[in-house]
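This report concerns only the one structure given below.
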Amino acid sequence: MAGQGEGARPRVGPAWLAKYIVWLYRSTMTTTIPLLHDNHNHVSLYAAFSSCIDISRSAPDAALALLRGLPEDRLSVVRGWKSFELPMTSEELSSLPPIILINFSLHGFVVSDSGVPFLETTVPEVASMRNDQAWCEANVPPIFAAYCGLAGLDAKKLGEYIDRMLPLGIGSSDEMTVPTIQALDVCSSSPYDKRLNYWVAPALYEKMDIARRGLVSGIKLFLDGAVGSRSAAIEGPWIGPGKAMFTYADDVLLAILRRAGAYGTGLSAHAIGELAIEQALSAIEVAVREGARFRTIRLEHVQYIDVNQARRAKDLGIVLSMQPNFTSDSIDYTDRLTESYLKRNNPFRMLIDEVGFEPGRDMLFGSDGMPDGIAYAATQALFPAYPSQRLSLDELVAGYGTAKGVSGTVTLDIDDTERRVSVSGTSPVRLAP
């Protein structure tokens, strides 16, 4: 038959030709950047989670099948649950093996009915308050401590987690909520100590001796919830259920800042929604006016900061610590955020071009471990849902900054056709003396 014998010419049809044209004109740029510092991560918690099941990359059906196949005789700690992809009904939870399912955002969790007795024997308060979302949002640090205790943390897990960050382009990190004194001891006594900056909750700071206090960069407060748990302090309205949740009443927050202002350390505050940002700015303005002093003041996330709030933060000398990878919330959370909030998320161009924040000076970038590495953050920075969210590669690299305690280079492949950035190599990696 024609075209089948030796020496026959291959068939070239329209589909093949179209694929060839796309390949021919595909625009991919390769560039090199330094190994970076992640200014916002939860290193000890994610290190503990390394022995846990992670369903963040699983399709909903596959994730559910995996959950149903877990052991019946012990509690399984499962991370990476995305409620917008895999809603959990009471009927579903009643049919699952013993599990605690931790939200991808780290805010919020659910426990299967059969898992409750296991949780009651290890962390009884968390077990008893598990269905009280307001309590859970107001007690994030002790819940992180519970997660760490359930999953377990040791020097081996810590080292393996930090080493896994190197091929992803990250050499060092700010550990934004060290969950326990034991976790601080594991981190600070490890060979990775110079590659970590530590932040702790006020209650943990007050339990520390002078030597341990000297190890930390400052105290970390949580002022509101998260979009993933429908608890960020936005004015709304939400699509479907959602409620602005605050950790502290205004007077309680001010009292904490007055007390912390005498510690001689730094201050960091998680504030996602514009209402939490407003609460933070108002309290900081009063505390500073009254004489509170901090080595640095950081606001974390500030996804819905407006221009007036940004100018007030600038006047106060506040550093904005933000996550370019959270730009994808404008795509992922169309089930709960109105178009207005989708557009307002991560307003980098306003902050840089109008207000004058400068990446690397008073604007820092980190991943929050959602996900780890620089590739996803770079993808969202260069190819965002809205032009107002765009960052140049130079701005992104400056906001992360070069790694501490280790040095090297990272090769990025930037694919304009697929609108995706990937890490194709890291080398060489040298430990600082």
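Could you sort 356-362, 208-214 so that the peptide with the highest average Cβ count within 10 Å comes first and the rest follow in order? Don't skip to the answer; put the middle values down first.
Values: 356-362: 16.1, 208-214: 11.3.
Per-residue Cβ counts within 10 Å, averaged per peptide and sorted highest first, yield 356-362, 208-214.
If you average the C-alpha positions of the stretch 80-134 and of the stretch 398-420 separately, how far apart do those two centres end up, in angstrom?
Centre-to-centre distance over Cα atoms comes out at 36 Å.
Cβ neighbours within 10 Å, averaged per peptide: list 334-344, 106-116 in order, most packed at the top. The partial results should precede the final answer.
Details: 334-344: 16.5, 106-116: 20.6.
Highest-to-lowest ranking by the protection proxy: 106-116, 334-344.
Where nothing but the Cβ of Lys and Arg (+1) and of Asp and Glu (-1) is charged, how large is the charge dipole of the chain around its Cα centre, in debye to the nearest 20?
Values: 40 positive and 50 negative charges, 198 e Å.
Roughly 940 debye, rounded to the nearest 20.
Would you order SER392, SER44 from fewest to most other beta-carbon atoms within 10 Å of each residue's own beta-carbon?
Starting with the residue having the fewest Cβ neighbours, the order is SER392, SER44.
So if we plug the beta-carbon distance of ARG164 and THR31 into 1/(1 + (r/R0)^6) with R0 = 25 Å, what FRET efficiency do we get, rounded to 0.05? Intermediate values should be presented prior to the final figure.
Numbers: r = 23 Å, r/R0 = 0.92.
Efficiency computed from Cβ-Cβ geometry: 0.60.
Over all alpha-carbon pairs of the chain, lay out the pair-distance distribution in 10 Å bins, whole %, shortest bin first.
The distribution over the chain is 4, 20, 30, 26, 12, 4, 2, 1, 0, 0, given as percents.
Run the reach check for LYS343 against aspartates and glutamates, Cα to Cα strictly under 18 Å, same-chain hits fewer than 8 apart removed. What comes back?
Filter leaves GLU235, GLU274, ASP306, ASP329, ASP332, ASP335, ASP353, GLU354.
Using a simple spin-label model with points 7 Å from Cα along the Cα→Cβ vector, what separation in nm is obtained for LEU64 and SER407?
Taking the simple label geometry, LEU64 and SER407 are separated by 5.3 nm.
Could you work out the relative contact order of the chain, using alpha carbon pairs under 8 angstrom and six or more residues apart, expressed as a whole percent?
In percent, rounded to a whole number, it is 19.
If you take every DSSP beta bridge whose two residues both sit in the chain, what share of them, in percent to the nearest 5, is antiparallel?
Details: 21 of 54 bridges.
Taking every DSSP beta bridge with both residues in the chain, the antiparallel ones total about 40 percent.
Could you tell me what % of all Cα pairs in the stretch 269-412 have separations over 17 Å?
Counting pairs separated by more than 17 Å, the tail of P(r) holds 60 percent.
Let me make sure I get this right: for the stretch 43-100, a, b and c are the square roots of the gyration tensor eigenvalues over alpha carbons, sorted descending. Under 1.5 in a/c it's rounded, otherwise prolate if a/b > b/c, else oblate. Which is it? Mind showing how you got there, number by number?
Details: a/c = 1.91, a/b = 1.27, b/c = 1.50.
Since a/c reaches 1.5 but b/c is at least a/b, the shape of the stretch 43-100 is classed as oblate.
So how do 346-352, 284-290, 87-93 stack up, highest first, on mean other-Cβ count within 10 Å? Walk me through the numbers on the way to the answer.
Working: 346-352: 21.4, 284-290: 15.7, 87-93: 11.9.
Descending packing order for the listed peptides: 346-352, 284-290, 87-93.
Bear in mind that the values in this text are calculations on the coordinates, not laboratory data. Fair warning: this is a prediction, and the values are worked out from it, not measured in the lab. Counting neighbours? That spans all protein chains shown, and the Cβs are built from the backbone with ideal geometry, glycine included.
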